[in-house]
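**Q** Here it is, the structure in full.
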Amino acid sequence: ALVLSLLLLILAEPVLTVRITSRLRPALWLLFDGTDSMAVADDMPEEDRLRLAEAVGVGEKDPAAASPGRSAPKLTRIEYVKSLLQKEDKNFLSRLAEKFRLRAFLFDRAEGVRAVELTSSTGTKVEPKLLAGQLTTDGQVSAMGAALDDLARRHATANLAGLVMVSDFNQNA
């Protein structure tokens, strides 16, 4: 009976299948404007400047700067972006990193984009201060179309969820 059972098992040719699946988080690209127009400090009404400063976390570490009756500092566009990136309360980069695989790029030239680091070489967690430190306003040409073409050509991925573009949208090329 044992021999017949083994013969039947051999003739049936059983196959053991093991499936391991994992869900990769979709990719989300962050594209920052690195041109000199981002170094402009806009003239705006005091109440708008106060609301913007509060929204991006300017004065978060200095309670005296956010006290009532005090005027908000006049910051450049890139300083507002850097403040938003480094905001400690409800940091949007950290919240995005929970759901997406983030990649950041800077467009500051006519040829396309350059990648900027989100994490240090030893870490895997997004470091907002590291990213903010790499944002510059040295570029002379805002070529948004070339930046998007470069991303589509060189950095294509099948699992892209979207693109977040941070710019003043002052295109001059």
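The values are calculated or read from the model by the stated rules, or taken from the named source; none is laboratory data. Predicted model, so just to flag it, every value in this text is computed and none were measured. Cβ placement follows ideal geometry from the backbone for every residue including glycine, while neighbour counts extend to all protein chains displayed. In case anyone asks, the SASA skips ligands and DNA or RNA and just uses the protein heavy atoms, side chains included. Shrake-Rupley method; radii C 1.70, N 1.55, O 1.52, S 1.80 Å.
**Q** Considering only DSSP beta bridges where both residues belong to the chain, give the percentage that are antiparallel (nearest 5).
**A** On the way: 4 of 18 bridges.
Bridges in the chain are about 20 percent antiparallel.
**Q** Here is a follow-up. Nearest 0.05, what FRET efficiency do Leu24 and Met44 give at R0 = 35 Å with Cβ-Cβ as r? Display every interim value, and only then the final one.
**A** Numbers: r = 42 Å, r/R0 = 1.20.
In this case the efficiency is close to 0.25.
**Q** Give the peptides 7-20, 43-56 in descending order of average Cβ contacts within 10 Å, highest first.
**A** So the order, starting with the most tightly packed, is 43-56, 7-20.
**Q** Follow-up question, since we're still on this one. Length gain on complete extension for the stretch Ala55 to Ser121, per 0.36 nm per residue less the alpha carbon to alpha carbon distance?
**A** On the way: separation 66, 0.36 × 66 = 23.76 nm, distance 3.08 nm.
This chain segment gains 20.7 nm when fully extended.
**Q** Which trypsin sites (Lys or Arg not before Pro) does the stretch 85-169 hold that lie in a coil by DSSP with at most 12 other beta carbons within 10 Å? Before the final figure, lay out each step's value.
**A** Values: sites: Lys87, Lys90, Arg95, Lys99, Arg101, Arg103, Arg109, Arg114, Lys125, Lys129, Arg153, Arg154; in loops: Lys87, Lys90, Lys125.
Taking the stretch 85-169 and a limit of 12 other Cβ atoms within 10 Å, the loop trypsin sites (Lys or Arg not before Pro) found are Lys90, Lys125.
**Q** Still on this model: Suppose we take every Cα in the stretch 8-126 and form the convex hull; what volume per residue is that in Å³?
**A** Enclosed volume per residue, from the Cα hull, is 196 Å³.
**Q** A further question follows. Carbon and sulfur atoms: what percent of the 1.4 Å accessible area of the chain do they account for?
**A** Numbers: 6270 of 11280 Å².
The value for the chain is 56 percent carbon and sulfur by accessible area.
**Q** Using a 7 Å offset from the Cα along the Cα-to-Cβ direction at both Asp89 and Thr136, what is the distance between the two label points in nm, to one decimal?
**A** Output for this residue pair reads 3.4 nm.
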